[in-house]
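Notes follow once the structure below has been shown.
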There are 2 protein chains.
Amino acid sequence: MNRPACSQLFPENFAPVCQLPQSPGAPPKNCIPELRRCVEQLGFVGCNLSPDPSGGYWKDPPLTDRSFYPLYEELVRLDVPAMVHVSSSCNPCFHGTGAHYINGDTTAFMQFLTSDLFKDFPTLRFVIPHGGGAVPYHWGRYRGLALDQKKQTVEEMMKNIFFDTCVYHGPGVEFLTQIVPIDNILFGSEMIGAVRGKDPLTGEYFDDTKRYVDGAKLTSQARNQIFEGNARRVYPRLDARLRKQGK
Amino acid sequence: MNRPACSQLFPENFAPVCQLPQSPGAPPKNCIPELRRCVEQLGFVGCNLSPDPSGGYWKDPPLTDRSFYPLYEELVRLDVPAMVHVSSSCNPCFHGTGAHYINGDTTAFMQFLTSDLFKDFPTLRFVIPHGGGAVPYHWGRYRGLALDQKKQTVEEMMKNIFFDTCVYHGPGVEFLTQIVPIDNILFGSEMIGAVRGKDPLTGEYFDDTKRYVDGAKLTSQARNQIFEGNARRVYPRLDARLRKQGK
């Protein structure tokens, strides 16, 4: 029985992105047929890519390994970005949402930084969730590491890497918008986020991430970019879908 | 031949902390004799504790595992804190200073948060380097996760956990001092840090971490706490050593 998907029930509110059938030890190119099916047949606008299919054991090669190149060729051909997000942690060292998620973000950024990936795929685009893990807070470290290796600058990487706003407090989101170029920040909501409760200091849900963006010191143009403009640029198939709806 | 240590050559500038002989799969209690020797015989004021002796494979139990308890009893008896810092990464997924270091900090904080460790050892103290990894940037996430589990609050953890200032840019250090209680921030210098070069925007070395603290908006009392007062409180044996020098 085919039940309608969320994006079919509420096509004005949701545009779908797909999971890929990654598996520990399996070559990433195995994911290509599913990516094509979701994008070309079902109208999905992006995909998720896990940097650690082993679930906290980090046994597979980094995202910059040549084994990923056939998948990246397809992402470029379809012109869809990948969100780089791990799955659950099976490793007792790593709490899922409190450690593994954030570590995955930081790890992926550093893999990209030390690679030639964006020379090989100048239009490949990745969205790193949770405000980029530890990256904006350690922006000087990453700028410095990039300058030391003389391969690419962090500023150059901003053609290919974007961050969402899933940082659960006002000062964190404010900081993100002060450090990372506005063009590289995409609003991220949390349907069911890492934290279920309300902040006793504000009486509001921790994972109500829109409030933090609303409260940040931003020009109305910057706010529009974060809420809409950047997503339409980074996800061209979302833009096409919205234009079809007259938006 | 016994060569003089840095702390013997320059006793007014350096106080030693020790490495522990941790090894993958070896019980942490094996480290107790070396800890005792360094602190009681050689006058060391603290130690380093790695959350991942496997070097990026995270094969050992979390720092909150009962196997660490004999070592923690000794840390408490000697009244010395442990800095929680990983060693090199042997895992190609993790760049050492750009990913593994920062991930280790974030991971350890989350292990502490989900444990009863500070109920069992109310005076045990850990210093988390690199400004706490991703923790201050995601302070709302950690406050919320702690509140959800109803075990301890992040504010309560501040009796036991401290962060250094090794964050390589002014806004990052400023942010740290705005988010984390001043009493929990200890100045950290970098003898040879993660970044070797100078920032072309300022002409100064990225790892000259004192400049960032000097430049932060702080009262003179807060600055004194960060540069000296907190270290003397967290490391009582450092305080005793300084008082012996008439400081």
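The values are calculated or read from the model by the stated rules, or taken from the named source; none is laboratory data. Given the structure is predicted, the values throughout are model-derived calculations rather than measurements. Virtual Cβ from ideal backbone geometry, glycine too; neighbours counted across all protein chains shown. Keep in mind that these areas ignore ligands, DNA and RNA; they rest on the heavy atoms of the full protein, side chains included. Shrake-Rupley method; radii C 1.70, N 1.55, O 1.52, S 1.80 Å.
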Subject >> Gyration tensor (Cα) of the protein assembly as shown, equivalent ellipsoid semi-axes in angstrom >> reply: 41, 24, 22
**OP:** Run the dipole for the protein assembly as shown about the Cα centre, Lys and Arg Cβ at +1, Asp and Glu Cβ at -1, nothing else charged, and hand back the magnitude in debye, nearest 20.
**Re:** 100
**OP:** Please report, in debye to the nearest 20, how large the charge dipole of region A:120-211 is about its Cα centre when each Lys and Arg carries +1 at its beta carbon and each Asp and Glu carries -1 there.
**Re:** 180
Subject >> Summed residue charge, Cβ within 12 Å of A:Val234's Cβ, Lys/Arg positive, Asp/Glu negative >> reply: 0
Original post:
What is chain A by shape, rounded, prolate or oblate, if you read a ≥ b ≥ c off the alpha carbon gyration tensor as root eigenvalues and call it rounded for a/c under 1.5, prolate for a/b larger than b/c, and oblate otherwise?
Top reply: rounded
Original post:
So between B:Thr153 and B:Ser88, what do we pick up on full extension, going 0.36 nm a residue minus the alpha carbon distance?
Top reply: 20.2 nm
**OP:** As a check on your grasp of the helix formula, calculate [θ] at 222 nm for chain A: sum -39500 (n - 2.57) over DSSP H runs of n ≥ 4, divide by the residue count, round to the nearest 500.
**Re:** -9000 deg cm²/dmol
**OP:** Calculate one ³J(HN,Hα) per residue across region A:212-217 by plugging θ = phi - 60° into the Karplus curve 6.51 cos²θ - 1.76 cosθ + 1.60, and present them in order as whole Hz with x for glycine and proline.
**Re:** 5, 5, 4, x, 6, 6
Original post:
What is the sum of charges around B:Ala15, taking Lys and Arg as +1, Asp and Glu as -1, for the other residues whose C-beta is under 13 Å from the C-beta of B:Ala15?
Top reply: +3
**OP:** Using per-residue counts of other Cβ atoms within 10 Å, averaged over each peptide, order A:169-178, B:150-159 from highest down.
**Re:** A:169-178, B:150-159
**OP:** May I ask you to give the percent of accessible area on chain A that is carbon plus sulfur, with a probe radius of 1.4 Å?
**Re:** 52
**OP:** May I ask you to give the solvent-accessible area per residue for region B:8-157, in square angstrom, as obtained with a 1.4 angstrom probe?
**Re:** 38
Subject >> Accessible surface, per residue, of region A:163-247 when the full set of protein chains is kept, probe 1.4 Å, Å² >> reply: 51
**OP:** Using a Förster distance of 35 angstrom, determine the FRET efficiency expected from the C-beta separation of A:Glu12 and B:Asp214, and round it to 0.05.
**Re:** 0.10
**OP:** Rounded, prolate or oblate: pick one for region B:1-134, where a ≥ b ≥ c are the square roots of the eigenvalues of its C-alpha gyration tensor, a/c under 1.5 means rounded, and failing that, prolate if a/b is larger than b/c, else oblate.
**Re:** oblate
Original post:
In nm, to one decimal, how far is the A:Lys119 label point from the B:Thr202 one, both placed 7 Å along Cα→Cβ?
Top reply: 3.0
**OP:** Would you kindly state how much longer the chain becomes between A:Ala5 and A:Leu42 on full extension, computed as 0.36 nm times their sequence separation minus their alpha carbon distance, in nm to one decimal?
**Re:** 12.2 nm
Original post:
Amide H to amide H, which residues 5 or more places from B:Asp164 or on other chains are under 5 Å from it, using H placed in the peptide plane?
Top reply: B:Ile128, B:His130, B:Gly131, B:Gly132, B:Leu186
Subject >> Cα-based radius of gyration of region A:16-85 once divided by 2.2 N^0.38 Å, which approximates compact folds >> reply: 1.04
Subject >> Solvent-accessible area buried by A and B, counting both chains, probe 1.4 angstrom, square angstrom >> reply: 4300
Original post:
Is region B:107-247 best put as rounded, prolate or oblate by its Cα gyration tensor, with a ≥ b ≥ c the root eigenvalues, rounded for a/c under 1.5, and otherwise prolate when a/b is larger than b/c, oblate when not?
Top reply: oblate
Original post:
Using the Karplus equation 6.51 cos²θ - 1.76 cosθ + 1.60 (θ = phi - 60°), what ³J(HN,Hα) coupling, rounded to whole Hz, does each residue of region B:13-27 give in order, writing x for Gly and Pro?
Top reply: 10, 10, 10, x, 10, 10, 7, 10, x, 6, 8, x, x, 8, x
**OP:** Calculate one ³J(HN,Hα) per residue across region B:104-119 by plugging θ = phi - 60° into the Karplus curve 6.51 cos²θ - 1.76 cosθ + 1.60, and present them in order as whole Hz with x for glycine and proline.
**Re:** x, 4, 5, 4, 5, 4, 6, 4, 4, 4, 8, 10, 9, 3, 7, 6
**OP:** Please give the average number of partner chain Cβ atoms lying within 10 Å of the Cβ of each residue in A:60-73, rounded to a whole number.
**Re:** 1
Original post:
Residues with amide H under 5 Å of B:Leu49's amide H, sequence separation 5 or more or different chain, H placed in the peptide plane at 1.01 Å from N; which?
Top reply: B:Met83, B:Val84, B:His85
